[in-house]
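**Q** What follows is a structure written as structure tokens; I'll ask about it next.
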Amino acid sequence: MSEWLEALTVNYVNELTPYESARRLFAGSGADAKQVWMNANESPFHRDYEIDTAIFNRYPDCQPDTVVNAYADYAGLKPEQTLVTRGADEGIELVIRAFCEPGQDSILICPPTYGMYAISAQTFNVGVERAPLLADFSVDIDAVLSYVGKVKVVFICSPNNPTGTSVPQEDIVKVLAAYKDKAIIVLDEAYIEFDSEQTQSQLLAQYPNLVLLRTLSKAFALAGLRCGFTLASPDIIQTLLKVIAPYPIPAPVAQIAGQALQSRNLSAVAKDVEFLKTELSQLQAALSKVGDIQIVGDIKANFVLFRTQKKNELMKHLVDNKVLIRDQSKQIALENCLRISIGDKAQNQTLLALITAFFANEAK
Ligand SMILES: *Cc1c(COP(=O)(O)O)cnc(C)c1O
């Protein structure tokens, strides 16, 4: 970095490093058709969509009605409670920008959890406080409540990435009540389709400080689309509309999202989810029988987390065989942990065969 540029750059930005997405970690390894991607909690499935280019000379709606209405229907809420964003990641950013004073306010996170909460805060010079999960990965309610008055936004992820655990409603209600009028409680439901009875959307009626995050990137198999949703009171949605870009949803994205939310596709998604859940519990059962593997956390989402003392050797063996999973060992309480995103039947079988062969060979 040249000196003049560093001097010109905002101080806290100089200290940041570009986000290492699951994809970027393997960018140098030469993507090819034989690679099996089981590292980013994406869906192994894809569908066809239609694009109408006739309107591409026009700016799109800021909040395309068809998408907002369809998602509100799907979530059982009103359109005024629904904001469509560039992925759930943009929802995280909008909440931080709308509710945290840079250089002054802080957010609270409960690690190990999704990395973007802290990263987003850091890019706006907003502080990050931490209330780590308890040993069983449940939320440490006492620790979270000890920050009342000290943080403006609390992020809770359920099902949580990467532990796969869901947070019971009573815990969420305790947090919402303790932070009433004091902070926004963001409940990240990116994986809610995999544990659908656990959605807390019905709490929006009672708790005006609740914000839910949703996405089309996981169960809907549209990570490449970059489309997510923020669900909250009409007042909060109006506040977020003050900070969102004027045209956040490109026209082709709106068209595809509208098709993805039609009832025919919703039933296809529900079928995918049932299939993936069955595959995941079978994979978890098979992995738990491998001597050097301990299952960690739960499987309420579309991935399984496990610990092995042979973490580095196993990762290398998988990469050498073109199967990519994700190292989670840098997170608090997750030393030697790896995360597998469930794939299609063939991918899961390939992966399991490689892991079994690796440990059989180690035992010799
Ligand atoms: C994948 C993920 C997101 C991001 O979703 P996008 O809509 O792709 O931005 C948000 N939260 C959690 C917990 C995730 O795992």
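The values are calculated or read from the model by the stated rules, or taken from the named source; none is laboratory data. Everything numeric here is computed off the predicted structure, so don't read it as measured data. Every residue, glycine among them, receives a Cβ derived from its backbone with ideal geometry; neighbour counts consider all protein chains shown. Just the protein is used for accessible areas: all its heavy atoms, side chains included, with ligands, DNA and RNA removed. Shrake-Rupley method; radii C 1.70, N 1.55, O 1.52, S 1.80 Å.
**Q** Right, T165: in contact with a Lys or Arg (Cβ under 9 Å, 6 or more places away or on another chain), β-branched (V, I, T) and closer than 18 Å to G115 by Cα or not?
**A** Yes; evaluated as a whole, the condition is true for this residue.
**Q** Which one is nearest to the ligand (Cβ to nearest atom) among residues in segment 320-331 that are open to solvent by 50 Å² or more (accessible area, probe 1.4 Å) and not in a loop (DSSP other than H, G, I, E, B)?
**A** It comes out as D327.
**Q** Among the helices (runs of 4 or more DSSP H) confined wholly to segment 110-190, which include 3 or more residues that are within 16 Å of the ligand (Cβ to nearest atom) and crowded, with 21+ Cβ neighbours inside 10 Å?
**A** Where helices (runs of 4 or more DSSP H) fall fully within segment 110-190 and carry at least 3 residues being within 16 Å of the ligand (Cβ to nearest atom) and crowded, with 21+ Cβ neighbours inside 10 Å, they are 116-123.
**Q** Something else about it: How many residues, within segment 72-88, are closer than 16 Å to T199 by Cβ and either touching a Ser or Thr at 6+ places or on another chain (Cβ under 7 Å) or assigned to a helix (DSSP H, G or I) (or both)?
**A** Qualifying residue count for the region: 8.
**Q** Next up: Please verify whether D188 is in the same structural domain as A257 (by TED's automatic domain parsing) and at positive phi, treating the condition exactly as stated. Even if it seems obvious, please write down each step before you answer.
**A** Values: in the same structural domain as A257 (by TED's automatic domain parsing): yes; at positive phi: no.
Answer is no for this residue.
**Q** Taking the conditions exactly as written (of a type in the set (S, T, Y), assigned by TED's automatic domain parsing to the domain that holds A75 and part of a helix (DSSP H, G or I)), does S196 satisfy them or not?
**A** Numbers: of a type in the set (S, T, Y): yes; assigned by TED's automatic domain parsing to the domain that holds A75: yes; part of a helix (DSSP H, G or I): yes.
Considered against the rule, which asks whether it is of a type in the set (S, T, Y), assigned by TED's automatic domain parsing to the domain that holds A75 and part of a helix (DSSP H, G or I), S196 comes out as yes.
**Q** Now, a different point. Does any residue in segment 87-104 that is away from the ligand (no atom under 12 Å from the Cβ) come within less than 6 Å, Cβ to Cβ, of a residue that is open to solvent by 10 Å² or more (accessible area, probe 1.4 Å) and of a type in the set (K, R) six or more places away or on a different chain, and which pairs are these?
**A** F99/K152; C100/K152
Table: residues versus (1) within 16 Å of the ligand (Cβ to nearest atom); (2) on the phi > 0 side of the Ramachandran plot; (3) modelled with pLDDT of 95 or more.
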{"site": "G28", "(1), (2), (3)": "no, no, no"}
{"site": "K34", "(1), (2), (3)": "no, no, no"}
{"site": "P44", "(1), (2), (3)": "yes, no, yes"}
{"site": "Y49", "(1), (2), (3)": "no, no, yes"}
{"site": "T53", "(1), (2), (3)": "no, no, yes"}
{"site": "P60", "(1), (2), (3)": "no, no, yes"}
{"site": "Q63", "(1), (2), (3)": "no, no, yes"}
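**Q** Going by the structure shown, is N69 part of a helix (DSSP H, G or I) and away from the ligand (no atom under 15 Å from the Cβ)? Before the answer, list the steps.
**A** Working: part of a helix (DSSP H, G or I): yes; away from the ligand (no atom under 15 Å from the Cβ): yes.
Against the criterion (part of a helix (DSSP H, G or I) and away from the ligand (no atom under 15 Å from the Cβ)), N69 qualifies.
**Q** Now for a separate question. In segment 216-236, which residues are among the aliphatic types (A, V, I, L, M) and within 14 Å of the ligand (Cβ to nearest atom)? Step through it out loud before you land on a result.
**A** Taking segment 216-236 as the starting set, the residues that turn out to be among the aliphatic types (A, V, I, L, M) are 216, 219, 221-223, 225, 231-232, 236.
L216, A219, A221, L222, A223, L225, L231 - these are the residues of segment 216-236 that are among the aliphatic types (A, V, I, L, M) and within 14 Å of the ligand (Cβ to nearest atom).
**Q** Another question, then. State whether the residues of segment 61-79 include one that is assigned by TED's automatic domain parsing to the domain that holds F124, hydroxyl-bearing (S, T, Y) and open to solvent by 70 Å² or more (accessible area, probe 1.4 Å).
**A** Yes, that holds for at least one residue.
**Q** A further question on this structure: So which of L213, L280, L261, L204 is within 16 Å of the ligand (Cβ to nearest atom), of a type in the set (A, V, I, L, M, F, W, C) and in contact with a Ser or Thr (Cβ under 8 Å, 6 or more places away or on another chain)? Quick ask: steps written out before the conclusion?
**A** Working: L280 fails: in contact with a Ser or Thr (Cβ under 8 Å, 6 or more places away or on another chain); L261 fails: in contact with a Ser or Thr (Cβ under 8 Å, 6 or more places away or on another chain); L204 fails: within 16 Å of the ligand (Cβ to nearest atom).
After ruling out the rest, the residue left standing is L213.
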